[in-house]
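Working notes, beginning with the structure itself.
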Amino acid sequence: MHLILGAHGKLAQEVVHSANMVFGHLDDLDVVTFLPGENAETLKEKYQEILGKCSEEEQILFLVDLFGGSPYNAAFETVMGQDRMDVITGLSLPMLIDVAGIRMMNEEIRAAEVYGELGADTYIRSCRKMLSDTKTEADEEDDEL
């Protein structure tokens, strides 16, 4: 599966740099920057250039930053009607590391299946909430004794 990361500014590029530090070098991945003065048409051209280098059978997964933003809109228009492609929003370092791990563990996974493998609450954590939950669980255990 080939990954295409698209985000405002140089976010995607920097997420890849950080992921390489944590996970090791990631293959089959391209980064698309969205810089001031560019528009959705510019992004679609960049996406098409990358897709032109991929085989017709290769699964393609776009990871973009914001739902409804230009990187998403251009990717969405590119993916429409393509069973071998999907777009996931919320690009972050944890997401990229998880996707790289999923891809490594299951080489046959389809792009459309990755979202289901990620899990809905994987990336957002609150220290205070975790401490509160731990305290509540301890209180419940004390009540049982």
Could you pull out every one of the lysines with an alpha carbon less than 25 Å from that of K46, ignoring same-chain neighbours closer than 8 positions?
K10
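Tally up the carbon and sulfur contribution to the accessible surface of the range 1-137 as a whole percent, 1.4 Å probe, everything protein left in place. Walk me through the intermediate numbers first.
On the way: 4240 of 8060 Å².
In the range 1-137, the share of accessible area belonging to carbon and sulfur is 53 percent.
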As a test of reading the structure, rank I97, I109 by solvent-accessible area (1.4 Å probe, protein chains only), most first.
I97, I109
Using the Cα centre as the reference, give the magnitude of the dipole from point charges on the C-beta atoms of the range 1-116 (Lys, Arg: +1; Asp, Glu: -1; all else neutral), rounded to the nearest 20 debye.
300 debye
Between the range 3-19 and the range 50-72, what is the separation of their alpha carbon centroids in Å?
13 Å
Accessible area expressed per residue, the chain, with surrounding protein chains retained (probe 1.4 Å, Å²):
62 Å²
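The values are calculated or read from the model by the stated rules, or taken from the named source; none is laboratory data. Source: prediction; values computed, not measured. Positions of Cβ are generated from backbone atoms using ideal geometry, with glycine treated the same way; all protein chains shown enter the neighbour counts. These area figures cover heavy atoms from the full protein model, side chains too; ligands, DNA and RNA do not enter into them. Shrake-Rupley method; radii C 1.70, N 1.55, O 1.52, S 1.80 Å.
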